[in-house]
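Since the structure comes first, as structure tokens, the remarks are kept for the end.
The values are calculated or read from the model by the stated rules, or taken from the named source; none is laboratory data. A quick note: this is a predicted structure, and the numbers were derived from the prediction, not measured. Cβ placement follows ideal geometry from the backbone for every residue including glycine, while neighbour counts extend to all protein chains displayed.
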Amino acid sequence: MDLDWGQAVLNQQSYQATRKRPATGGTNARPTKAPKKKPIASECNAGKPLQDSNVLLCGSACTGLGTEHWSIPEAAPFKILKFLFRCEKDDHARQFLNDNVKVEKTFVDVQREFAKEAPYVDIFTAGFPCQSFSVAGHKQGTKCKKYGKIIGGIIEYIKRRQPRIIILENVKGLLMQHPRTLKNIISTIEAVVDKDTALKCYEVHWSIINSREIGLVPQQRDRIYIVAIKLAGRASTTFAWPRPVVPADLSDIYDEPDKAPVSYSRYPMRGLSAPTSRNNINDAIAKVRLVAQREGKPAEALKAVVDIGSSRLNLGIGCSPCLTASRCSARAFVNLQTAEKLTATEMMRLQGFTTEDISAMKISLSNSRMAKMVGNAFTKSVLARIIRAALKSE
């Protein structure tokens, strides 16, 4: 059942962490005192607003592309940022992260070493795996053996370290197909007791956020965001979700924005041998022509992106459909005007990364592997705006 989303995992971890270890050195051996750990300043000053602190400690789980390394500086440009840890299982993602961002500690297993050993941070982010909650993952939810229980390790960390700001992200399917799991995640965080005040620890907010409406990017991307803010003895916070904004023009994400459109009457189908791809192109052109006729414009003038790998028409006019790991990896998104597949850099811009961000990156992975990580990532601009709102509420 969804209600058992990871409690068994948490109970087992709690038991293993608290059971006594046998003494060594014989029955008369004197117990040795553990050395005193030097407290972290931010951890000691639980009641101090983060707005008043010059240093922010940051960490993430299910790190993937590591979007928070670009989002947090944008959200808090005048703070000194210290990224203490990340937790990422994928070898290729760790390779990209090692090449581009520095942290003090890298964990691999969310449910074991990370949950027990990761230190306190002020801002904690986790885009826990969405495969088990998505259509692509057959909507298995927490029953999925590979991905379903990872949230348990994340919750265990939250209980143990109690970060000041928590931001979790997942697909809309978490709400649509697994509402009890979502409710359980939220209620479990809300039930955490503050170790310093013995009062309720977190105020929790959740919402479905569309990257096109909130993130300034021309991508239709609905994601569930869960934001938990430590009350630190307060009755409530002033957190408010970012307001909608006008997105960038679709041409702004293209590598060659001024490239001339092809003729829809003689559309080039080179490289599109699969019937599904060709059918999607033909259906997309027919749809664009209908919209153009209503608006009194030439069909070729409408900017559009189509997912040629979809089982049914998935078209964005003036925007891109939602990027996913599998579709990005297969380079299934096509600029309908130019008949060219989107590049990895164009996909990164759809996720809010600037040309300057991309130019500064060291990318040694293949386009396919890089694109897959982009499809799984937070939208950079959305995450930055949510973090800024959370810091403001502090």
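Observations
- Candidate set: the range 184-221, residues that are in a helix (DSSP H, G or I) and of a type in the set (V, I, T); chosen: the one surrounded by the fewest Cβ atoms within 10 Å (Cβ to Cβ): I186
- Within the range 266-287, considering residues that are among the basic types (K, R) and exposed (fewer than 13 other Cβ atoms within 10 Å of the Cβ), the one farthest from A332 (Cα to Cα): R266
- Pairs, first closer than 22 Å to Y264 by Cβ in the range 334-351, second of a type in the set (G, A, S), C-beta under 6 Å, six or more apart: L336/A284; L336/A304
- Residue check: S263 meets all listed conditions (1) touching a helix residue (DSSP H, G or I) at 6+ places or on another chain (Cβ under 8 Å); (2) surrounded by 14 or more Cβ atoms within 10 Å (Cβ to Cβ) but one, namely (2).
- Of the residues A384, A330, the single one that is closer than 27 Å to A93 by Cβ and in the same structural domain as A93 (by TED's automatic domain parsing) is A384.
- Residue in the range 254-269 that is part of a helix (DSSP H, G or I) and touching a residue at least 12 places away in the same chain (Cβ under 8 Å) present: yes
- Subset of the range 292-322 that is in contact with a Pro (Cβ under 7 Å, 6 or more places away or on another chain) and in a helix (DSSP H, G or I) - its residue that is modelled with the highest pLDDT: A292
- Of the listed requirements (1) within 23 Å of H205 (Cα to Cα); (2) crowded, with 22+ Cβ neighbours inside 10 Å; (3) out of contact with any Phe, Trp or Tyr (no Cβ under 6 Å at 6 or more places or on another chain), L336 misses just one: (1).
- Checked against the criterion of being at pLDDT 95 or above, small (G, A, S) and not in a loop (DSSP other than H, G, I, E, B), the candidates A93, A115 yield just one match: A93.
- Taking the range 323-363 as the range and being in contact with an Asp or Glu (Cβ under 7 Å, 6 or more places away or on another chain) and part of a loop (DSSP other than H, G, I, E, B) as the test, the residues that pass are A332, Q337, T343, K362.
- Test: residue in the range 259-272 that is within 32 Å of the chain's Cα centre (by Cα) and at pLDDT 95 or above: no
- Any pair with Cβ under 7 angstrom, 6 or more apart, that starts in the range 157-170 at a residue that is touching a residue at least 12 places away in the same chain (Cβ under 8 Å) and ends at one that is polar (S, T, N, Q) and crowded, with 24+ Cβ neighbours inside 10 Å: I167/T125
- Here is the figure for the range 222-250: residues that are in a loop (DSSP other than H, G, I, E, B) and either more than 30 Å from E346 (Cβ to Cβ) or of a type in the set (V, I, T) (or both) total 12.
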